[in-house]
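J.: For reference, the structure I am asking about is given below.
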Amino acid sequence: METGRRWCQVLSILESDHGAALAAKVARELVVFARRNGDSAPLSPFLSRRDHLNPTVHRAQDLIMQDLRETHSLQDLARAVRLSPRGLSSAFVAATGTTPARYLRELRLAENLLRQTNQPIENIAAECGFHDDRNFRRVFTSQHGISPSAFRLSTAA
């Protein structure tokens, strides 16, 4: 995940120097998607919902990604990006198609940890901010139609 943050920083510098359109174009060129059938969603939640050009929403998304265990209330995020809670919520939904709370939940699903580590699912759930691994399993299965264990087996190379 550290590499992802570094790329976000590089893209942020590129955006401030050359504009959001160029930064978005470079970001699309840098992304290498894993092979998947046409019906499945992108495997990484860290790449989804980032293809918009709203810099304020990008800042809010960056804040959320910095610590998935943090609560990230709408009021705190709005204060950090200098918008009203209603203004941030409206901008976030317009740019990403989802609310900040749902975006945080998507990130917490932790597909990367499931694919890249052998940690027990209980540890992954806790690391991603879930207080109960049963809740993590329920949310993950609801989002993806497959259990975390089955997902891990299906992505093993």
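Where a number appears in this text, it was derived from the coordinates with a stated rule and is not lab data. From a predicted model like this one, the values you see are computed outputs, not experimental measurements. With ideal geometry, Cβ positions are generated from the backbone for all residues, glycine too; neighbour counts draw on all protein chains shown.
J.: Please report Rg (one decimal) and Dmax (integer) in Å for the Cα set of the range 111-155.
T.: When restricted to the Cα atoms of the range 111-155, Rg and Dmax are 9.4, 26 Å.
J.: What is the sum of charges, Lys and Arg at +1 and Asp and Glu at -1, for the other residues whose Cβ falls under 15 Å from the Cβ of residue 83?
T.: Taking every Cβ under 15 Å from that of residue 83, the sum is +2.
J.: Taking 0.36 nm per residue of separation and subtracting the Cα-Cα distance, what length does fully extending residue 150 through residue 126 add?
T.: Net length gain for the segment: 6.7 nm.
J.: Given labels modelled 7 Å from the Cα in the Cβ direction, how far is it in nm from residue 56 to residue 135?
T.: Modelled inter-label distance: 3.0 nm.
J.: What ranking of 22, 14 emerges when the number of other C-beta atoms within 10 Å of each C-beta is taken as an exposure proxy, fewest first?
T.: Taking fewest neighbouring Cβ atoms as first place, the list is 22, 14.
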